[in-house]
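The values are calculated or read from the model by the stated rules, or taken from the named source; none is laboratory data. Since this is a predicted model, take the numbers as computed values, not measurements. Cβ: placed from backbone, ideal geometry, glycine included. Neighbour counts: every protein chain shown.
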Amino acid sequence: MNRRDFLKSATTLSVSASLLPLSQLLPRAAQAASNETAVVVFGGTINSLDIHRSGTNRASYQVAINCYDRLVSFGTKATGDGSLSYDYSNVQPELAESWETSEDGTVMTFKIRKNATFWDGKPVTAHDVKWSLDRAVSLGGFPTVQMKAGRLESPDQFKAIDDHTFQITLPFPSKLALPDLATPIPIVINSEVAKANATADDPWATEYLHRNPAGSGAFKVLRWNAGEQLVYERNDNWACGPLPGYQRVMLREVPAQSTRRALIERGSVSASQDIPNKDAKELAEKPGVKVVSTPIENCIYSLCTNLDFEPFKDKRVRQAVAWSIPYEKIFEQAAYGQGVPMWGGEDQVSSIAWPQKSPYEQNLEKARALMAQTDYKDGFEVPLSFNLSVADWAEPTALLIQQGLAEIGIKANIEKIPGANWRTIALVEKKLPLHLENFGGWLNTPDYYFFWAYIKGNLFNSYNYDNPEMAKLIDDTLDMAVSHPDYAPNVTRMIEIAFDDIPRIPLWQPTLNVAFKDGVEGYEYWFHRQMDIRPLKPA
Amino acid sequence: MSLGVKSKRVLTRVLQAIPTIFGILVVCFILTRALPGDPAAYFAGDMADAESIEQVRENLGLDQPMPMQFVTYVGDLLQGDLGVAISTGQTVTQELAKRLPASLELTLGALLLALIIAVPLGVLAATRPNSWVDHLCRFLVTAGVSLPTFFTGLALLYVFYYLLGWAPPPMGRLDMMFLPPEPITGFYTIDSVIAGDWALLKASLAQMALPLITLALFTLAPIARMTRAAMLQTLASDYVRTARAAGLSRRRVLITYAFRNALLPVITTLGMVFSFVLGANVLVEKVFAWPGIGSFAVEALVVSDYAAVQGFVLSMALLFVALNLLIDVTYTLIDPRVGEDS
């Protein structure tokens with residue numbers, strides 16, 4: 001065969017391949033994703049079944065949510081676009097069937113459900129609750145910090161009055177205590193099983209519970225192949241809510257985003273958790289797939305100006321930066337239009353809704369005029385940093401901000417920081433002059449957001465902002481009931497200060513995007529951003 | 001060469017490997033600690049305060065001075081304890097035992113597939129220069145070298161899974177309907193043959209097909225090229241001409257005289273190719289959600305998970321020492337010249 005023959009045969013080969021009748025290739029029936037079983041894919045990895053253990057990553061919180069019960073939970077509300085969300089203002093019973101708070105608001109007494117049992121059949125008692133909450137405040141690390149946010153700091157605060165009555169005593173009344181009990185942290189563990197597997201070195205049985213959950217929740221863990229999958233099986237005796245719609249849910253780890261997208265588009269899986277904005281936009285137009293995008297409560301993607309950096313000590317420079325940002329373009333090119341704009345609001349703060357639009361928008365004349373009043377009219381250089389693990393939105397955002405800043409004489413040099421170093425450099429050492437940040441608070445009140453982000457020394461105040469008036473307002477308001485007459489004025493003032501001082505420049509409120517195969521219903525958005533599989537059901 | 005001399009040679013080689021491995025231990029230990037980033041802060045979690053970060057640091061033993069940490073590490077190592085990989089929550093030994101076979105199954109499978117295709121292809125291309133076989137060989141070699149595995153993987157996935165639906169969903173080593181076989185070798189294919197479960201064998205082969213082809217495409221290029229070049233050289237050599245002149249059959253000339261001599265450079269290449277394939281594995285593992293050692297090591301490196309990185313480097317060092325040894329030994333068996341003068 002000579003070269004010409006070869007070329008000819010090669011062409012025939014490729015043509016015949018492309019002409020293969022597609023109809024003959026029956027699409028593979030996706031047997032797995034049926035009415036009994038749901039398959040969820042995600043890009044993370046589950047590294048522990050115990051949320052209290054140190055080193056447990058965010059993705060693993062969902063085991064605490066689906067396999068354990070807390071005393072209380074949140075109700076459900078419909079959002080504007082017809083999807084469902086948890087309802088922060090509506091605390092509902094979970095393991096506790098009822099509760100009451102003393103006159104002075106410091107003693108909360110919970111009645112535990114009498115019919116609730118752990119998976120091994122043992123009834124859930126107030127002693128289990130006591131042991132579990134003691135564990136959460138004693139182990140240290142994230143669980144202890146989160147408990148502290150609800151004013152729960154010491155085992156002395158927890159008391160089992162009898163088998164079915166449990167009491168919490170607060171040092172002072174706080175509106176954060178009850179909602180904090182509905183976060184994934186204060187789970188109730190089967191204390192007898194745990195104690196039987198505890199050792200002298202490990203009194204809280206972290207080694208055992210790391211692999212063997214012992215709860216009373218709606219799902220049990222059937223299999224856990226670390227690094228591959230987690231299989232949940234429904235607990236048919238679950239007492240704390242309506243029986244989940246799926247008998248079995250398989251959670252598969254698929255690291256490559258493009259593979260996850262192919263899987264959901266082909267209909268091989270029931271859901272793909274936490275997809276990027278670009279995919280959310282494109283998948284929403286495909287048949288057979290439905291995308292639910294929910295704005296993440298109490299969360300804003302922001303540009304932060306560090307007050308330790310000389311030029312940013314001048315408020316006018318910070319304001320000039322805020323007036324120079326091309327917000328529209330960023331929203332289109334970095335967020336793909338998914339989310340809620342956080343710019344171009346009114347001059348006056350007229351509501352206490354949070355997040356809300358800042359009064360800034362791109363206005364280069366205003367920005368230049370402000371810069372001209374300062375010592376920095378000739379401009380300056382500043383590194384602009386972002387966290388590489390959120391590069392999907394941060395990189396295009398940083399590039400556009402760089403262009404905006406160049407217009408007013410500020411030369412920003414982009415610096416990418418690996419995810420593992422980000423926390424230390426940005427949040428702990430707080431030494432990045434200009435950076436992108438994405439803090440969101442679990443407890444959904446504005447004052448809680450301001451507490452973490454606007455008080456000097458607190459973790460998400462990565463820009464060393466310090467304002468005594470703000471600090472006092474937050475201190476006064478943090479535990480105050482939302483119905484208190486001072487609450488709305490205080491929060492209004494906080495927002496005014498935040499917008500005027502503008503150390504943290506809001507860009508947009510991001511969304512949590514989840515893609516579902518048609519026929520999977522009941523999804524609810526939760527502040528913890530993990531998949532609560534309990535309400536999912538086949539259509 | 002007598003058997004005694006041979007085994008002595010092997011023993012010397014093994015002994016020579018010990019300082020190498022110790023050196024790797026030290027360098028790896030220092031390098032992991034030179035990585036930027038603070039694992040304690042990372043593993044303490046998002047909301048942790050200074051106090052809880054310190055607590056985690058103590059738990060990890062990172063509050064000790066470095067020489068002390070090294071002594072503890074080597075002490076644990078001698079007892080077979082590689083520590084806990086915090087990023088995955090498992091002990092490093094468990095992770096290696098589970099993930100190394102997964103990666104090796106893919107790597108060795110790809111090597112085997114590549115050999116089956118590349119060696120005959122190279123031989124045919126060399127015996128019929130400028131024929132269609134030669135062109136095909138050239139085409140495959142160019143494609144294999146120039147296409148990044150990540151791209152090949154995604155392209156195959158797009159065509160055979162997404163468009164045609166021939167391949168099963170790319171979700172790891174087994175379809176969701178199957179449970180893995182009783183682990184004996186850790187290779188699902190071999191274990192399911194041992195268990196006599198043919199459906200399982202079929203399922204695991206189906207999952208393996210695309211990643212295997214991706215890797216094999218990448219692997220066969222150097223092997224085919226090397227085979228072709230070596231064959232051309234030996235075919236042009238004096239002894240082949242002599243053999244032909246002596247009237248030996250074409251088959252005998254080709255296999256006994258030419259091919260056996262051409263194999264030597266191919267085997268050397270194979271050792272090198274093996275390390276390339278293990279490296280290429282990382283990307284293929286990501287695309288096909290394959291729970292292998294490569295993706296594990298990269299994740300561990302990103303979060304400065306010291307124990308995991310050290311365990312990985314150590315196991316790779318041992319693997320390569322073993323591999324080089326194996327190649328040396330094979331060499332002596334194939335080439336009668338090696339070893340006679342030692």
*Within segment A:379-413, which residues are in a strand (DSSP E or B) and away from every other protein chain (no Cβ under 14 Å)?*
A:380, A:381, A:382, A:383, A:384, A:386, A:410, A:411, A:412, A:413
*Could you tell me which numbered condition residue A:293 fails, if it satisfies all but one of (1) out of contact with any strand residue (DSSP E or B) (no Cβ under 9 Å at 6 or more places or on another chain); (2) modelled with pLDDT under 95?*
(1)
_Exactly one of these conditions fails for residue A:416: (1) closer than 30 Å to residue A:176 by Cβ; (2) within 13 Å of another protein chain (Cβ to nearest Cβ); (3) in contact with a strand residue (DSSP E or B) (Cβ under 8 Å, 6 or more places away or on another chain); (4) not aliphatic (A, V, I, L, M). Give me its number._
(1)
_Among (1) at pLDDT below 95; (2) closer than 23 Å to residue A:204 by Cα; (3) in contact with a Ser or Thr (Cβ under 7 Å, 6 or more places away or on another chain), there is one condition residue A:58 misses while meeting the rest; what is its number?_
(3)
*Filtering segment B:125-138 down to residues that are out of contact with any Phe, Trp or Tyr (no Cβ under 9 Å at 6 or more places or on another chain) and surrounded by fewer than 18 Cβ atoms within 10 Å (Cβ to Cβ), which residue is farthest from the other protein chains (Cβ to nearest Cβ)?*
B:127
_When the residues of segment A:272-297 are narrowed to those that are assigned to a loop (DSSP other than H, G, I, E, B) and of a type in the set (Gly, Ala, Ser), which ends up nearest to residue A:527 (Cα to Cα)?_
A:284
*Here is a list of conditions, (1) at pLDDT 90 or above; (2) farther than 11 Å from residue B:110 by Cβ; (3) among the polar types (S, T, N, Q), and residue B:237 meets all of them except one; can you say which number that is?*
(1)
*Tally, over segment B:73-102, of residues that are in contact with a Phe, Trp or Tyr (Cβ under 8 Å, 6 or more places away or on another chain) and closer than 23 Å to residue B:216 by Cα*: 3
*Can you tell me which of B:4, B:23 is surrounded by fewer than 17 Cβ atoms within 10 Å (Cβ to Cβ), farther than 22 Å from residue A:421 by Cβ and modelled with pLDDT of 80 or more?*
B:23
*Return the residue satisfying two criteria in turn: it lies in segment A:272-290 and is among the acidic types (Asp, Glu) and within 26 Å of residue A:534 (Cβ to Cβ), and of such residues it is surrounded by the fewest Cβ atoms within 10 Å (Cβ to Cβ).*
A:274
*What pairs can you find where one residue is in segment A:215-242 and under 30 Å from residue B:286 (Cα atoms), the other is surrounded by fewer than 20 Cβ atoms within 10 Å (Cβ to Cβ) and among the basic types (Lys, Arg), and their Cβ atoms are less than 6 Å apart, with a gap of 6+ or different chains?*
A:231/A:223; A:233/A:220; A:233/A:248
*Just for helices (runs of 4 or more DSSP H) wholly inside segment A:435-539: which have at least 2 residues that are touching a residue at least 60 places away in the same chain (Cβ under 8 Å), over 30 Å from residue A:219 (Cβ atoms) and β-branched (Val, Ile, Thr)?*
A:487-501
*Would you mention how many residues in segment B:125-148 are within 24 Å of residue B:257 (Cβ to Cβ) and not in a helix (DSSP H, G or I)?*
4
*Which number in (1) in contact with a Leu (Cβ under 9 Å, 6 or more places away or on another chain); (2) on the phi > 0 side of the Ramachandran plot; (3) not aromatic (Phe, Trp, Tyr) marks the one condition that residue B:130 misses?*
(1)
_Filter result for the condition that a residue is in a strand (DSSP E or B) and either more than 26 Å from the chain's Cα centre (by Cα) or on the phi > 0 side of the Ramachandran plot (or both), over A:198, A:160_ = A:160
*asked:* What's the number of the only condition in (1) of a type in the set (A, V, I, L, M); (2) buried (at least 21 other Cβ atoms within 10 Å of the Cβ); (3) touching a helix residue (DSSP H, G or I) at 6+ places or on another chain (Cβ under 7 Å) that residue A:497 fails to meet?
replied: (2)
*Find all pairs meeting these conditions: Cβ atoms under 7 angstrom apart; at least six residues apart or on different chains; first residue within segment B:159-172 and in contact (Cβ under 8 Å) with a residue 60 or more places away in the chain and within 7 Å of chain A (Cβ to nearest Cβ); second residue assigned to a loop (DSSP other than H, G, I, E, B) and not basic (Lys, Arg).*
B:170/B:288; B:170/B:289; B:171/A:254; B:171/B:289; B:172/A:228; B:172/B:289; B:172/B:290; B:172/B:291
*Determine whether residue A:252 is farther than 30 Å from residue A:456 by Cα, touching a helix residue (DSSP H, G or I) at 6+ places or on another chain (Cβ under 7 Å) and modelled with pLDDT under 95.*
no
*asked:* Looking at segment B:271-282 only, could you name the residues that are buried (at least 22 other Cβ atoms within 10 Å of the Cβ) and either at the interface with chain A (Cβ under 10 Å from one of its Cβ atoms) or modelled with pLDDT under 85 (or both)?
replied: B:280
*Output the residues belonging to segment B:180-212 that are touching a helix residue (DSSP H, G or I) at 6+ places or on another chain (Cβ under 7 Å), of a type outside the set (S, T, N, Q) and not in a loop (DSSP other than H, G, I, E, B).*
B:188, B:193, B:200, B:201, B:205, B:208, B:210, B:211, B:212
*For residue A:420, indicate whether it is without any contact (Cβ under 8 Å) to a residue 12 or more places away in the chain and within 19 Å of the chain's Cα centre (by Cα).*
yes
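For (1) within 14 Å of chain B (Cβ to nearest Cβ); (2) in contact with a helix residue (DSSP H, G or I) (Cβ under 8 Å, 6 or more places away or on another chain); (3) outside any helix (DSSP H, G or I), each residue gets a yes or a no:
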{"position": "A:156", "(1), (2), (3)": "no, no, no"}
{"position": "A:168", "(1), (2), (3)": "no, yes, yes"}
{"position": "A:207", "(1), (2), (3)": "yes, no, no"}
{"position": "A:220", "(1), (2), (3)": "no, yes, yes"}
{"position": "A:227", "(1), (2), (3)": "yes, yes, yes"}
*What number of residues within segment B:295-307 satisfy the criterion of being within 11 Å of another protein chain (Cβ to nearest Cβ), buried (at least 22 other Cβ atoms within 10 Å of the Cβ) and assigned to a helix (DSSP H, G or I)?*
3
*Tally of residues being more than 9 Å from the chain's Cα centre (by Cα) and not in a loop (DSSP other than H, G, I, E, B) across segment B:281-293*: 7
*Got a number for residues in segment A:360-379 being touching a residue at least 60 places away in the same chain (Cβ under 8 Å) and surrounded by 16 or more Cβ atoms within 10 Å (Cβ to Cβ)?*
2
*Which condition number in (1) out of contact with any helix residue (DSSP H, G or I) (no Cβ under 6 Å at 6 or more places or on another chain); (2) over 30 Å from residue A:140 (Cα atoms) is the one that residue B:76 fails?*
(2)
*Filter segment A:229-271 down to the residues that are within 13 Å of chain B (Cβ to nearest Cβ) and part of a loop (DSSP other than H, G, I, E, B), then identify the one that is surrounded by the fewest Cβ atoms within 10 Å (Cβ to Cβ).*
A:267
